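Contents: one structure, followed by commentary.
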Amino acid sequence: MSDDQAAKGRALLERLTPNAAALERFPEPFRRYTLEHLFGDVWQGDGLSLEERSLVTCTILVALAREHEQRFHFAAARRLGVPREKLVAMLTHVAHYAGWPNAVGALRGLEEVWPAGE
């Protein structure tokens, strides 16, 4: 990877969250992989838009019941312009495949970061 990939990754991370500096608390190799590979390469590949990647990521996190990470990615989806209604529709769909409790927990997390009616 390169400094260019890291710069692309940092720019995207700053678009996704107002708290990109929080990544600094992680060990250097983890930060590098996150910036260069995950956000500098994987998130910016061909075939899917950023909004689609965001929705896919949210879906996977709901299916895996990763509630802390869901809140981060729900807020990021909002910043990218993914409509809240699309996230709610995804949660309803995922509930039938990954379990009702996973969807209920995710709905609580969505409400925390993006209350209905906002």
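Read-outs: derived from the displayed coordinates by stated rules, not from any lab. Note that the coordinates shown come from a computational prediction; the quantities given were computed from them, not determined experimentally. Here the Cβ is made from the backbone with ideal geometry for all residues, glycine too, and neighbour counts use every protein chain on show.
Overview of results
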{"quantity": "Exposure proxy order (Cβ contacts within 10 Å, fewest to most) of 92, 57", "calculated": "92, 57"}
{"quantity": "With Cα atoms, 0 to 90° folded angle of helix 84-98 axis to the chain main axis", "calculated": "80"}
{"quantity": "Computed FRET value (nearest 0.05) for residue 96 with residue 51, which takes r as the C-beta separation and R₀ as 25 Å", "calculated": "0.60"}
{"quantity": "Computed [θ] at 222 nm, helices only, for the chain once each DSSP H run of length n ≥ 4 contributes -39500 (n - 2.57)", "calculated": "-20500 deg cm²/dmol"}
{"quantity": "Identified option (computed volume of the Cα convex hull per residue in Å³; candidates [x] 96; [y] 107; [z] 119)", "calculated": "[y]"}
{"quantity": "0 to 90° range, to nearest 10: angle between helix 100-113 axis and the chain longest Cα axis", "calculated": "60"}
{"quantity": "Candidates 98, 75, 21, ranked by Gaussian network fluctuation over the chain, Cα under 10 Å, top entry", "calculated": "21"}
{"quantity": "Rough spin-label spacing in nm, given labels placed 7 Å along Cα→Cβ, for residue 37 and residue 60", "calculated": "1.3"}
